[in-house]
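Working notes for the structure below.
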Amino acid sequence: MDQMVLEVQSWLNTTYSGNANYTSIKVDGITGGTTVAALITALQIEIGISSPDGVFGPQMLSTCPTLSSTSTSKNEICILQGALYCKGYNPNGIDGTYGNGVITAIKKFQSDAGLTTQTGITTPMIFQAILNTDAYTLISGGDSNIRTIQQNLNRDYNSIIGLIPSNGVYSKSTNVALIKALQHEQGNSVDGLWGTNTMNACPTIPGTKATKNFILLLQYSLYCNGYNPNGFDGLFGNGLKTAITEFQAFVGLTADGYAGPQVWASLLVSTGDKTRKGTACDCSTTITAAMAATLKSNGYQIVGRYLTGKYAMTSSELQTIFSNGLKVFPIFEYGAGLLDFLPAQGAANASIASVAATYLGFKDGTTIYFAVDFDALDSDVTDFIIPYFEAISNAFATNNNKYSIGIYGPRNVCSRVAAAGYSVHSFACDMSTGFSGNLGYKLPSDWSFDQIATITIGSGAGAIEIDNDICHGTDLGVSSVTSPAVIIDAVNSTGLAKLLKETFDAAGDPIQLVNTANVKVNLEFSLGASEGNGSSTLKFKNGEFEDATVQTAFEGISAGLSATGAAELTTTLAKLGNTELSIQLSYTANSITISIETETTEEIDGILSEEVSIIQTLTIELSFNLSDTGDLLVQDAKDVASSIEIEVEKYPVLEVVVVLAVIAGVLSGALEVGFLVALIA
């Protein structure tokens with residue numbers, strides 16, 4: 001607890017508690033965002049801001065007063081004195097007098113920020129810099145050279161960047177300040193956003209446009225990215241040339257010692273030059289022979305594909321990829337929220353990913369990239385992501401896992417997990433330029449792939465949308481796999497495959513059961529966790545829907561069937577036994593797609609000691625015109641019913657499953673009850 005901060009908090013509550021725009025704060029002597037916001041609110045009240053909100057924004061900056069030894073507004077000076085105490089400077093009391101204590105404190109702050117002239121006058125820019133929780137002195141873990149860069153930027157560009165923290169830590173504010181300073185030197189509009197105009201106006205150094213200020217900004221940017229130019233003197237020497245060359249080699253550019261637009265881009269925005277041609281890519285599309293040929297002809301050598309979920313790769317797809325001279329690296333993704341990254345889930349995901357990789361035949365040493373595909377804050381990395389990867393690492397060690405752990409995510413997330421010792425390769429999601437974990441962070445030192453843009457290549461059957469990735473060469477993927485038959489045997493003896501008396505082949509490809517103009521039915525399986533959305537799922541088990549309301553509606557509809565239809569429905573329902581079905585649907589104006597899923601757990605010899613979840617999904621697409629009414633709707637229904645009757649004779653269980661699925665559609669509001677009655681009557 002700080003006694004003077006305690007006094008600041010007490011003064012604020014005593015002075016402004018009667019004002020409707022002020023909310024009293026806790027008096028605990030601890031400086032933090034709440035106390036700073038209260039100080040800003042108090043100043044907003046004093047200068048007549050109509051709706052005080054505790055945020056020092058552009059409007060407040062334009063109306064903020066300049067305070068000096070001639071100022072007479074006692075409360076404004078008291079607020080300044082309180083802010084100085086919270087910032088770690090001593091103004092010698094909270095008395096509303098702009099005396100030597102305040103002047104000395106302001107001069108010290110101006111010096112710490114890097115301003116050449118220390119006037120002791122509090123301008124709006126200085127008031128804004130004091131009224132926040134940023135540090136302007138070197139903090140623990142900070143770099144004195146980074147602090148020099150920050151101070152120099154404040155010194156030379158404060159009219160366009162304001163005052164950024166000078167704490168020795170490279171961060172978003174420093175990154176944005178460098179871009180603004182570069183734009184200013186270019187004569188471009190200054191907004192701190194990296195775009196085509198900024199990149200195209202970048203000088204090549206050494207070159208004819210290599211002014212001292214451009215060279216200084218290049219030296220700053222290189223040092224912030226971990227490459228020391230041996231001084232900030234604005235001169236091109238051997239130290240700068242070496243730093244440029246080494247940085248180019250690190251990020252995958254031609255290492256020629258010339259810093260052109262691509263080098264500037266790689267220094268100041270996570271994508272770098274997003275039009276660069278990569279030799280690796282990743283995608284959610286099942287790659288056909290035509291698509292593989294497109295990738296190959298466009299210079300791609302390695303493809304990232306998912307291990308599990310609805311975008312999972314298959315054994316036959318892998319053979320298509322390999323036969324076209326391409327390699328593969330596996331990605332595992334499960335969820336994109338903090339609660340998906342608990343240690344227990346990490347342990348489970350380690351098992352799921354390992355089983356899926358083993359089934360597909362990935363060999364010892366293959367790196368599996370576990371995805372963190374959201375904007376995880378630094379505190380999230382500490383509290384969730386690192387414990388999650390620790391659990392994955394422990395599970396791999398416990399089960400003598402043969403695979404290596406990689407990570408896909410923002411730069412900060414990748415670097416911190418690697419530093420903790422839980423990953424060996426990083427796949428940076430750099431095209432997410434707005435992620436806080438990318439802005440102001442260096443490319444991870446262990447990066448293997450750098451995702452920079454989503455593009456579409458090819459045409460016709462060969463057209464494919466991919467994420468264009470730069471390959472560092474430290475992980476080149478795999479060019480072959482060997483798949484065990486034991487998992488296929490387990491799949492064929494459980495769930496829908498057993499129920500429908502169908503058999504997956506060694507490749508595990510989807511099985512097409514029905515394919516007509518009106519009805520398409522496919523059966524496929526995956527290993528691991530279900531990807532379904534529980535909020536839109538209806539459960540059917542032991543002849544009944546889990547939801548009582550749905551069951552009542554189902555019984556009412558069933559009662560409307562003919563005697564023969566009701567008897568057939570009852571008989572076939574009995575064949576479902578205790579199988580639990582999860583039914584989900586989506587629909588358009590012309591079709592309804594129903595996904596029916598079973599999930600079983602099995603112990604598979606030779607894979608892992610734990611049980612493996614086998615998810616089998618039956619996808620049914622019924623085509624008709626939902627906008628039809630009356631006779632037209634009935635005719636649509638008859639067409640569908642006719643297709644089912646013709647095509648599913650060898651699948652009596654399937655006929656009931658389709659009926660249940662359509663009932664689910666009715667009860668979810670996708671279809672009219674009249675359509676259902678026409679369909680199953």
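A249 falls short on exactly one of the conditions (1) among the small types (G, A, S); (2) without any contact (Cβ under 8 Å) to a residue 40 or more places away in the chain; (3) open to solvent by less than 50 Å² (accessible area, probe 1.4 Å), and that condition is (3). Checked against (1) open to solvent by 30 Å² or more (accessible area, probe 1.4 Å); (2) in contact (Cβ under 8 Å) with a residue 12 or more places away in the chain; (3) not in a loop (DSSP other than H, G, I, E, B), Y227 passes all but a single condition, namely (3). Screening L295 against (1) of a type outside the set (F, W, Y); (2) within 30 Å of T398 (Cα to Cα); (3) out of contact with any Ser or Thr (no Cβ under 7 Å at 6 or more places or on another chain) leaves a single unmet condition, (2). Just give me the residues in region 436-447 being out of contact with any Leu (no Cβ under 8 Å at 6 or more places or on another chain), over 19 Å from R305 (Cα atoms) and open to solvent by less than 40 Å² (accessible area, probe 1.4 Å), in sequence order. Matches in region 436-447: N438, G440, L443, P444, D446.
When region 362-403 is limited to residues that are more than 19 Å from A336 (Cβ to Cβ) and of a type in the set (D, E), the one that is modelled with the highest pLDDT turns out to be E390.
Hey, can you tell me all the residues within region 335-370 that are under 16 Å from the mean Cα position of the chain (by Cα) and either within 16 Å of S526 (Cβ to Cβ) or open to solvent by 10 Å² or more (accessible area, probe 1.4 Å) (or both)? Scanning region 335-370 gives G335, A336, G337, L338, L339, D340.
Whether any residue in region 73-85 is touching a Pro at 6+ places or on another chain (Cβ under 8 Å), part of a loop (DSSP other than H, G, I, E, B) and open to solvent by 20 Å² or more (accessible area, probe 1.4 Å) is what I want to check. I'd like the intermediate steps shown before the answer.
Taking region 73-85 and keeping what is touching a Pro at 6+ places or on another chain (Cβ under 8 Å), we get 73, 76, 80-81, 84-85.
Narrowing the set further to residues that are part of a loop (DSSP other than H, G, I, E, B) leaves 73.
Narrowing further to those that are open to solvent by 20 Å² or more (accessible area, probe 1.4 Å): 73.
Scanning region 73-85, I find at least one residue that is touching a Pro at 6+ places or on another chain (Cβ under 8 Å), part of a loop (DSSP other than H, G, I, E, B) and open to solvent by 20 Å² or more (accessible area, probe 1.4 Å), so the answer is yes.
Of all the listed residues (A418, A428), the sole one being in contact with a strand residue (DSSP E or B) (Cβ under 7 Å, 6 or more places away or on another chain), without any contact (Cβ under 8 Å) to a residue 40 or more places away in the chain and among the small types (G, A, S) is A418. The numbered conditions (1) open to solvent by less than 50 Å² (accessible area, probe 1.4 Å); (2) more than 27 Å from S354 (Cβ to Cβ); (3) assigned to a strand (DSSP E or B); (4) at pLDDT 80 or above are all true for E465 except (1). Of everything in region 416-431, what is in a loop (DSSP other than H, G, I, E, B) and open to solvent by 30 Å² or more (accessible area, probe 1.4 Å)? Give them in sequence order. Within region 416-431, A420, G421, Y422, V424, M431 qualify. Consider region 94-106 and keep the residues that are free of Cβ contacts under 8 Å to residues at least 40 places away in the same chain and closer than 15 Å to T15 by Cβ. The one that is surrounded by the most Cβ atoms within 10 Å (Cβ to Cβ) is G96. Scanning region 553-564 for any residue that is assigned to a strand (DSSP E or B), open to solvent by 30 Å² or more (accessible area, probe 1.4 Å) and either in contact with a strand residue (DSSP E or B) (Cβ under 7 Å, 6 or more places away or on another chain) or at pLDDT below 70 (or both) turns up nothing. If you go through region 495-521 and pick out every residue that is touching a residue at least 40 places away in the same chain (Cβ under 8 Å), within 35 Å of the chain's Cα centre (by Cα) and surrounded by 17 or more Cβ atoms within 10 Å (Cβ to Cβ), you end up with 5. Scanning region 141-160 for residues that are under 21 Å from N228 (Cα atoms), open to solvent by 40 Å² or more (accessible area, probe 1.4 Å) and not charged (D, E, K, R) gives G141, S144, N145, T148.
Within region 10-26, residues that are on the phi < 0 side of the Ramachandran plot sit with their Cβ atoms under 8 Å from residues that are exposed (fewer than 15 other Cβ atoms within 10 Å of the Cβ) and modelled with pLDDT under 95, at 6+ positions apart or across chains, in these pairs: N21/S51; S24/S17.
Each residue in region 309-328 was checked for being within 23 Å of H472 (Cβ to Cβ) and part of a strand (DSSP E or B), and 2 pass.
Contact annotation: residue pairs with Cβ atoms under 9 Å, 6 or more positions apart or on different chains, pairing a residue in region 435-456 that is more than 30 Å from K296 (Cβ to Cβ) with a partner that is of a type outside the set (A, V, I, L, M, F, W, C) and in a strand (DSSP E or B), are F435/G409; G437/G409; S445/S426.
When region 280-308 is limited to residues that are open to solvent by 30 Å² or more (accessible area, probe 1.4 Å) and in a loop (DSSP other than H, G, I, E, B), the one that is farthest from I452 (Cα to Cα) turns out to be T288.
What about I49, is it out of contact with any strand residue (DSSP E or B) (no Cβ under 8 Å at 6 or more places or on another chain), of a type in the set (V, I, T) and modelled with pLDDT under 95?
Numbers: out of contact with any strand residue (DSSP E or B) (no Cβ under 8 Å at 6 or more places or on another chain): yes; of a type in the set (V, I, T): yes; modelled with pLDDT under 95: yes.
Yes.
Within region 200-224, being part of a helix (DSSP H, G or I) and either out of contact with any Pro (no Cβ under 6 Å at 6 or more places or on another chain) or modelled with pLDDT under 95 (or both) holds for N200, K212, N213, I215, L216, L217, L218, Y220, S221, Y223, C224. In the set (1) part of a loop (DSSP other than H, G, I, E, B); (2) farther than 18 Å from A177 by Cα, the condition left unmet by F109 is number (1). Taking region 379-415 as the range and being part of a loop (DSSP other than H, G, I, E, B) and within 16 Å of D446 (Cβ to Cβ) as the test, only P410 passes.
The values are calculated or read from the model by the stated rules, or taken from the named source; none is laboratory data. The structure presented is a predicted model; accordingly, all values stated were derived computationally and were not measured. Using ideal geometry, Cβ is built from the backbone for each residue, glycine included, and neighbour counts are taken over all protein chains shown. These area figures cover heavy atoms from the full protein model, side chains too; ligands, DNA and RNA do not enter into them. Shrake-Rupley method; radii C 1.70, N 1.55, O 1.52, S 1.80 Å.
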